[in-house]
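Here the structure comes first, spelled out in structure tokens, and everything after it is commentary.
The values are calculated or read from the model by the stated rules, or taken from the named source; none is laboratory data. Note that the structure is predicted; figures quoted are calculated from it, not measured. Note: ideal-geometry Cβ built from the backbone for every residue, glycine included; neighbour counts use all protein chains shown.
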Amino acid sequence: MSTPRILAIMGSGETAPTMRVPHRQIFDRFGADVDAVMLDTPFGFQENAPILAEKSTEYFRETVGRPVEAAGLFRTDSGDVASIERAVARVRAAQWVFAGPGSPTFALRQWATTPIPAALADKLQTGGAVVFSSAAALTLGVATIPVYEVYKVGVDPFWIEGLDLLSPLGIHAAVIPHYDNTEGGNHDTRFCYLGERRLAMIEPELPEGAFVLGVDEHTGVIIDLESDTAEIVGKGAVTLRRNGESVRIETGETVSVDVLRAGGDVAPSGVLPRTVRDDSADSAELAESAVSADDSLGTAASVLEAEFDAAIASGDADGAVAAVLKLEQAIVEWSRDTLQSDEADRARAALRSMISRLGGAAMAGLRDEREVVGPVVEAALSARAVARTEKAFAVSDALRDGLTAAGIEVRDTPNGVEWVIVDPG
């Protein structure tokens, strides 16, 4: 049996619960033991790069259930030739290579004088998986956008040369992740923070014949080069845009790669029926994904707060505790991804409120107070310890404030953390 050849392009959410199932499906194509490495260059310029690398590998280990090793290739201009050679060799040997958030221009500069581009191209030709998301996805095409320079520094938008791993596959495109981004609120941040005006300004400057391959947030396209098919997964759609005209391919559809090669010149008539494997484990996992409030941290907070309200109203102490613990777990899982601040704030506020109300319900005789709040307090303290270790002090403070509001006094002692229920009187 030949080794699978997979190119997966994700718009965002690469270390979020939303993309857990697609990651697992890609790994499953390679069997139980996969030599997997994370190419950490895109965020290598950041002072907390080692922490980001650890959080990413933790996500794959804890959430996806697969061990992934960080390449340790933060920079190639460090002068540490031996370390660079070891990291490059690690990438070349791996069956599965992942890269995600950071700066596309920084990554391209660092990779330019290394065998990394050739190693990635070789995997797509001879066997292996290349899974690129967010900033790394921007580097895949014939051209890319210097996102930081345009959106943060104010440079007029322009294209720079990309890795162009797609043209050998017959896809002459510039990849734009975060295609449906709405973070701007009162201004247009679609198309990876360019907005319509700036994308329309530079679209005619693409290399001749090139088009835009847009991938929505928390969405991916898994291109199987053996079967020559492309499956859209996640929450949104993939868009083929040429000269301002767009064709959307929605999640759940599987199309011939020829549809991508056409780049929107034709309607996606190559849509194929989605193949549902007769695998109860996969089916159960997909069903769980559909109902587990994994769409976003904000959605999880809303769904679980409603579950909590219903449990409190019916006197179901166990149900109320379960809702609090689920939200605490969601905050931990989503902390591995780059959270929008309003979503994180919303979830922390909901958790604080739920803990406070649960404490009040215990005092009111819903059930023995220590029996009710004990599991919640211990879970909150565990999450607080993780947050402090990762220097997520806003999360740590929110958890402690929530406990205080619920009448739980947290005491940091030389022997560890202790907690007591404070008499409201």
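Between a residue in the stretch 61-78 that is assigned by TED's automatic domain parsing to the domain that holds residue 102 and buried (at least 17 other Cβ atoms within 10 Å of the Cβ) and any residue that is of a type in the set (Phe, Trp, Tyr) and in a helix (DSSP H, G or I), which pairs come within a Cβ distance under 6 Å, given they are 6 or more apart or on different chains?
Here the result reads 66/27; 66/60; 68/60, each pair linking the stretch 61-78 to a residue that is of a type in the set (Phe, Trp, Tyr) and in a helix (DSSP H, G or I).
Identify all residues within the stretch 189-235 that are in contact with a Gly (Cβ under 7 Å, 6 or more places away or on another chain), farther than 18 Å from residue 146 by Cα and part of a loop (DSSP other than H, G, I, E, B); write none if there are none.
216, 217, 218
Do the conditions hold for residue 259, that is, is it under 16 Å from residue 173 (Cβ atoms) and touching a Pro at 6+ places or on another chain (Cβ under 9 Å)?
On the way: under 16 Å from residue 173 (Cβ atoms): yes; touching a Pro at 6+ places or on another chain (Cβ under 9 Å): yes.
Answer is yes for this residue.
Specify which of the listed residues (154, 220) is without any contact (Cβ under 8 Å) to a residue 12 or more places away in the chain and assigned by TED's automatic domain parsing to the domain that holds residue 264. I'd like the intermediate steps shown before the answer.
Numbers: 220 fails: without any contact (Cβ under 8 Å) to a residue 12 or more places away in the chain.
When all the criteria are applied, what remains is 154.
Check residue 203 against each of (1) in contact (Cβ under 8 Å) with a residue 60 or more places away in the chain; (2) touching a strand residue (DSSP E or B) at 6+ places or on another chain (Cβ under 8 Å); (3) not hydroxyl-bearing (Ser, Thr, Tyr) and name the one condition it does not meet.
Among (1) in contact (Cβ under 8 Å) with a residue 60 or more places away in the chain; (2) touching a strand residue (DSSP E or B) at 6+ places or on another chain (Cβ under 8 Å); (3) not hydroxyl-bearing (Ser, Thr, Tyr), residue 203 violates only (1).
Restricting the search to the stretch 1-49, which residues are within 23 Å of residue 110 (Cβ to Cβ) and part of a helix (DSSP H, G or I)?
41, 42, 43, 49
Filtering the stretch 177-218 down to residues that are of a type in the set (Val, Ile, Thr) and modelled with pLDDT of 95 or more, which residue is surrounded by the most Cβ atoms within 10 Å (Cβ to Cβ)? Show your work before the answer.
As a first pass, look at the stretch 177-218 and keep what is of a type in the set (Val, Ile, Thr): 182, 189, 202, 212, 215.
Checking the rest, the ones that are also modelled with pLDDT of 95 or more come to 202, 212, 215.
Details: 202: 17, 212: 24, 215: 28.
By that ranking, first place goes to 215.
Kindly establish whether residue 307 is at pLDDT 75 or above, closer than 30 Å to residue 404 by Cα and of a type in the set (Asp, Glu).
Values: at pLDDT 75 or above: yes; closer than 30 Å to residue 404 by Cα: yes; of a type in the set (Asp, Glu): yes.
In short, yes.
Tell me, which residue of the stretch 39-51 that is surrounded by fewer than 23 Cβ atoms within 10 Å (Cβ to Cβ) and among the aliphatic types (A, V, I, L, M) is modelled with the highest pLDDT?
Only one residue fits best here, namely 49.
Please indicate, with yes or no, whether at least one residue in the stretch 168-177 is under 12 Å from residue 144 (Cα atoms) and touching a His at 6+ places or on another chain (Cβ under 8 Å). Before you say what the answer is, go through the steps one by one.
First, pick out the residues of the stretch 168-177 that are under 12 Å from residue 144 (Cα atoms): 173-177.
With touching a His at 6+ places or on another chain (Cβ under 8 Å) added as a condition, the list becomes none.
Checked the stretch 168-177: no residue is under 12 Å from residue 144 (Cα atoms) and touching a His at 6+ places or on another chain (Cβ under 8 Å).
Restricting to the stretch 112-149, and then to whatever is touching a residue at least 40 places away in the same chain (Cβ under 8 Å), hydrophobic (A, V, I, L, M, F, W, C) and more than 21 Å from residue 5 (Cβ to Cβ), can you tell me which residue is surrounded by the most Cβ atoms within 10 Å (Cβ to Cβ)?
Only one residue tops the list, namely 138.
Any residue in the stretch 387-400 that is more than 12 Å from residue 331 (Cβ to Cβ) sitting within a Cβ distance under 9 Å of a residue that is among the small types (Gly, Ala, Ser) and in a helix (DSSP H, G or I)? List the pairs, counting only those 6 or more apart or interchain.
Within 9 Å, the pairs are 388/396; 393/387; 397/387; 400/380.
Scan (1) in contact (Cβ under 8 Å) with a residue 12 or more places away in the chain; (2) in a loop (DSSP other than H, G, I, E, B); (3) under 27 Å from residue 29 (Cα atoms) for the single condition residue 249 breaks and write down its number.
(2)
Output the residues belonging to the stretch 117-141 that are under 19 Å from residue 198 (Cβ atoms) and either among the acidic types (Asp, Glu) or assigned to a loop (DSSP other than H, G, I, E, B) (or both).
141, the sole residue that qualifies.
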